[in-house]
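Shown next, in structure tokens, is the structure this report addresses.
Rule-based calculations on the coordinates, nothing more; no lab input. Computed from a predicted model, the values in this text were never measured in an experiment. Ideal geometry is used to build each Cβ from the backbone, glycine not excepted, and the neighbour counts take in all protein chains shown.
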């Protein structure tokens with residue numbers, strides 16, 4: 001049941017992009033077309049799940065016992081960057097198709113706020129190992145959801161007449177704001193009533 | 001091979017130096033930090049309601065495997 | 001590439017022409033979230049500026065020591081270290097600001113401006129120039145973020161939160177607006193909206209300036 005709670009939280013209630021405002025750089029730059037958005041989203045799912053798990057391992061098995069939790073940011077970031085570079089090598093060696101669909105988005109994830117964000121959130125909330133993995137996975141799914149919806153919106157917007165200053169980034173942000181407002185429906189009052 | 005080894009070594013030096021510097025700064029600042037009280041990042045209020053409710057619904061199973069699952 | 005600008009050009013370009021938030025869109029990631037209060041924006045801007053200047057300085061000094069293949073890892077290690085140090089300093093000496101920034105203080109380490117400037121400028125320029133570049137970018141970032149925060153807080157909350165000083169709690173309440181604020185601007189949706197509109201105004205201003213100088217802008221597409 002906890003896992004259902006986790007997936008609902010990180011995909012809908014506390015969507016990392018729309019509520020925590022993380023991962024914005026890749027969000028606005030790679031959502032012009034649906035296929036690139038889907039590729040980025042899938043890459044995020046994989047990276048975030050693995051990153052959340054690996055950072056849990058390092059935090060609970062190395063940093064906490066040794067009392068050096070102040071090295072958190074340094075170790076987490078090194079793990080994440082290393083992880084992304086290894087994944088990139090794997091996709092390059094395995095198949096060209098996999099690389100062009102997933103691998104080409106990996107460099108953008110090396111210094112991505114959302115990946116470090118979910119790692120820090122999971123550590124602060126004291127999740128167990130599987131819960132962290134699942135939280136990373138859910139956050140990635142939430143990211144995938146939002147990028148796919150955003151790409152669909154932007155593909156349609158590109159066909160409309162938009163005032164010149166708004167074309168491109170500004171209208172994308174306004175659309176994202178409207179999406180965020182829609183997701184505000186999952187707020188504290190609603191959930192309290194729902195869950196008692 | 002030598003180049004890769006050299007690069008890895010330099011990287012290790014940088015990482016160890018970084019960890020050392022952070023440790024030193026932390027050592028000097030920890031008295032000041034401790035006196036202010038711990039303030040951790042707060043979880044999003046709506047999100048924590050969902051997680052809390054979900055945990056309550058599933059209490060027994062989390063004793064398995066020493067809390068790993 | 002090595003900078004061909006004069007020193008003052010390197011400083012000023014971070015303010016408008018290559019403003020990180022509005023032009024290159026780099027500083028958004030962890031910064032937009034703290035733009036709901038003016039004091040948080042100023043604090044975040046200052047912290048990012050400090051980390052940016054220190055990073056550019058160090059990367060520029062170490063540019064011959066850092067091997068090319070593991071460049072990203074080395075840069076990340078340096079940035080993470082400096083960010084952790086700034087975090088510890090904030091936790092110790094400005095705990096209220098640190099609590100306001102919450103999760104995002106730790107995310108300064110992945111602020112896209114810092115890694116971009118380290119990679120594209122500090123790697124190939126002298127230490128002095130790198131510091132100047134970082135200073136310009138830091139000031140530009142702070143100004144832009146504070147502008148967003150001003151709009152979001154004044155219209156969304158009817159207040160301007162500055163730093164408490166000598167008994168005053170630091171909050172200016174705007175008469176009239178405090179009674180019926182546009183609450184959504186204080187939430188994440190508002191951050192998106194305010195940024196979108198500001199960027200559109202920025203684009204419009206640049207288009208008008210470009211057409212005034214006789215430049216060719218047939219399509220009107222800026223970014």
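Hydrodynamic radius of the stretch A:15-185 by the Kirkwood approach over all distinct alpha-carbon pairs: 16.7 Å.
Between A:182, A:139, A:122, the residue with the greatest mean-square fluctuation in the GNM of chain A (Cα pairs under 10 Å linked by springs) is A:182. Between A:15, A:112, A:124, the Gaussian network model of chain A with springs among Cα atoms under 10 angstrom shows the greatest mean-square fluctuation at A:124.
Normalised radius of gyration (Cα atoms, divided by 2.2 N^0.38 Å) for the stretch C:1-83: 1.24. Over all pairs of different C-alpha atoms, the stretch C:37-111 has a mean inverse distance whose reciprocal, the Kirkwood radius, equals 12.9 Å. The Cα center of the stretch A:104-124 and the Cα center of the stretch C:179-207 differ in position by 26 Å. Averaging the sequence gap over all C-alpha pairs within less than 8 Å and six or more residues apart, then dividing by the number of residues, gives chain A a relative contact order of 40 percent. For the stretch C:7-211, the spread of Cα positions along the three principal axes, ordered from largest to smallest, is 59, 51, 28 Å. When the Gaussian network model of chain C links Cα atoms closer than 10 Å, the mean-square fluctuations of C:126, C:60, C:40 top out at C:126.
Between residue C:6 and residue C:179, the contour length at 0.36 nm per residue exceeds the alpha carbon distance by 57.3 nm. Net length available on complete extension from residue C:210 to residue C:119 is 29.8 nm, with 0.36 nm assigned per residue and the Cα-Cα distance removed. Axis of helix A:113-124 versus longest Cα principal axis of chain A: the two differ by about 40°, to the nearest ten degrees. For the pair residue A:60 and residue A:90, a Förster radius of 30 Å applied to the C-beta separation gives a FRET efficiency near 0.70, rounded to the nearest 0.05.
The long axis of helix A:169-183 is offset from the longest Cα principal axis of chain A by roughly 70 degrees. The rule of thumb for compact globular proteins, 2.2 N^0.38 Å, goes into the C-alpha radius of gyration of the protein assembly as shown 0.97 times.
In this structure, residue A:34 and residue C:69 have a Cβ-Cβ separation that, at R0 = 30 Å, corresponds to a calculated FRET efficiency of about 0.30. Between the alpha-carbon centers of the stretch A:135-194 and the stretch C:25-88, tell me the distance in whole angstrom. Value for the Cα centre distance between the two parts: 28 Å. Report the Cα centroid-to-centroid distance between the stretch A:88-103 and the stretch A:23-53 in angstrom, as an integer. Here the answer is 15 Å between Cα centres. Extension gain for residue A:158-residue A:98 works out to 18.8 nm (0.36 nm per residue, less the C-alpha to C-alpha distance). Compactness of the stretch A:1-80 is given as radius of gyration and Dmax, 15.3, 47 Å, from Cα positions. Among B:52, C:91, the ranking by other beta carbons within 10 Å of each residue's beta carbon, starting with the fewest, stands as B:52, C:91. Per-residue Cβ neighbour counts within 10 Å put C:162, C:73 in the sequence C:162, C:73, beginning with the fewest. Label separation (residue B:2 vs residue A:130): 5.2 nm, computed from points 7 Å beyond Cα along the C-beta direction. Taking the C-alpha atoms only, the angle from helix A:34-58 to the longest principal axis of chain A is near 20 degrees. Sorted ascending by nearby beta carbons within 10 Å, beginning with the fewest, A:143, A:137 become A:137, A:143.
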